Amino acid sequence: MEFQPDNRLKLLQCGVEYFPALLAAIDAAEREIFLESYIFADDDVGRAVAAALARAAQRGVLVQVLVDGFGGGEFPRTLAPEMQADGVRVLIYRPEIASLRGRFRLKRHRLRRLHRKLAVIDCQVAFVGGINIESDFNVPGHTAPRYDFAVQVEGPLVAAVRGTMVRVWEIVVWANFRHRYRVGQLDTPAPVASTAAPGQGQRAALLIRDNLRHRRDIPEAYLEAIAAAQQEVVIANAYFLPGRRLRHALMDAAQRGVSVIVLLQGRVEYRLQHYATQALYGALLAAGVRIFEYRASFLHAKVGVVDGVWATVGSANMDPFSLLLAREANVVAHDRPFAAELRERLGEALGEDAREVRANDWRRLGLVARGLRWTAYYMVRIGLSLVGLGDRY
């Protein structure tokens, strides 16, 4: 992993910070806007973003939107037609999996997703994180926002974000070769330099996960940082079902005296995965890993801080679907102020909105409850085995 210097990174927490920044950048665009999202919802936030993109297209800005065929299953029938009528270029990543037939055919390639949440405007500013284009408050019964993060980037790293978005767009264009959005229509502007003074910016890298050369970049970055940790590892992850190497790395760090804290989903969203995760609690707690469950709303973050200097924000969960099947993107920063801010935000959630799970809580569950959780875990493993990935878990 090669860190690029002289970037400006701004941490954005939840949609209340993210969407005003994104909309302001879209409204200021002069040349081009690229946006990728797993979900593009037909709600107040989705409609506001769609309207801003349409305004940009109508004033002559090249606007390209790529949405996953599974996560954005309704998007082609809701917001996409009007956006296209206004001049926005829209493509769907693997549109065939939007159908019921595609969703339930258990083959590895059918499970692949575009899970990235990226935007680049005029090659001047980029957004990377875990926040979909949807309202934080669209979950019935919850008044607190969905807990998630993104990072706004200026500087040399923006070109890397733009580059990976262009490559995936080209792949989708050629996969649907009869589509009118030809690659040759896309110009490449020169990257805009960071507003940070030379030597005063932040060191950061873009890590992607794809199904070719970058299959292991994100988990390897986590493994390297955890192995080098001397004081503290703090991870917040929405869907936490790490493979053997990551589990053992966390437990080994705790056993050598590093404070290891994981903040996980406290509310049941996907029942099978939720209980499969809890099956791992006993071994993690026995090794000294501290586990907290977020209770204020749904946790959707995929972030980490190590020793107050290494930090990551992105779309990749520590679960088999993110790390083995999906296209993901994370920013990794080696910068003490940025890491300190993320650690402070996580500390607030740990202190105010989460409950610590202790070893006695696991033991008090009883044999039947623990057995059900292990059943969920092995059901996930069986599913992975059917697509050739069970050996890693």
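The values are calculated or read from the model by the stated rules, or taken from the named source; none is laboratory data. These numbers were taken from a predicted model, which means no experiment stands behind them. Quick reminder, even Gly has a Cβ in these numbers, built from the backbone with ideal geometry, and neighbours come from all protein chains shown. Accessible surface is based on the protein model in full, side chains and every heavy atom, while ligands, DNA and RNA are left aside. Shrake-Rupley method; radii C 1.70, N 1.55, O 1.52, S 1.80 Å.
Summary table below
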quantity	calculated
C-alpha long axis of helix 44-58 to longest principal axis of the chain, angle in °	30
FRET efficiency, 1/(1 + (r/R0)^6) with R0 35 Å, evaluated for F3 and N176 via beta carbons	0.45
Those trypsin sites (Lys or Arg not before Pro) in the stretch 330-366 that DSSP places in a loop and that have at most 14 other beta carbons within 10 Å	R358, R364
Protein accessible area in the chain, 1.4 Å probe - carbon and sulfur %	52
Among E341, E170, E352, residue whose mean-square fluctuation peaks in a GNM of the chain (springs only between Cα atoms under 10 Å)	E352
Prolate/oblate/rounded label for the stretch 296-393 (Cα gyration tensor, a/c 1.5)	oblate
Highest-MSF residue in the chain out of W374, W310, W169 [GNM, Cα springs under 10 Å]	W374
The chain, helix-only ellipticity at 222 nm - DSSP H runs n ≥ 4, -39,500 (n - 2.57), divided by all residues, nearest 500	-11500 deg cm²/dmol
Cα long-axis angle, helix 14-28 against the chain (0 to 90 degrees, to the nearest 10)	20
Relative contact order of the stretch 240-393, defined on C-alpha pairs under 8 angstrom at six or more residues apart (%)	29
Positive minus negative residues near S322 (Lys, Arg vs Asp, Glu; Cβ under 10 Å)	+2
Rounded to 5, percent antiparallel among DSSP beta bridges of the stretch 198-341	70
Local electrostatic count at A80 - Lys and Arg +1, Asp and Glu -1, tallied over other residues with Cβ under 12 Å	-2
Degrees between helix 244-255 axis and first principal axis of the chain (Cα, 0 to 90, nearest 10)	60
Gaussian network model of the chain, springs between alpha carbon atoms under 10 Å - residue of G130, G15, G383 with greatest fluctuation	G383
Long-range amide H partners of S259 with built H, under 5 Å	E232, V233
Gain in span if fully extended, A28 to R364, counting 0.36 nm per residue against the direct Cα distance	115.3 nm
Among beta bridges that DSSP assigns inside the chain, antiparallel share in %, nearest 5	65
Hydrodynamic radius of the chain per Kirkwood, over alpha carbon pairs, in Å	21.5
Accessible area of the chain divided out per residue, in Å², using a probe of 1.4 angstrom	43
Hz values of 3J(HN,Hα) by residue in the stretch 332-348 - Karplus curve (6.51, -1.76, 1.60), Gly and Pro given as x	10, 10, 10, 7, 5, x, 5, 4, 5, 5, 5, 4, 5, 5, 5, x, 4
Separation between Cα centres of the stretch 115-155 and the stretch 46-81, rounded to whole Å	15
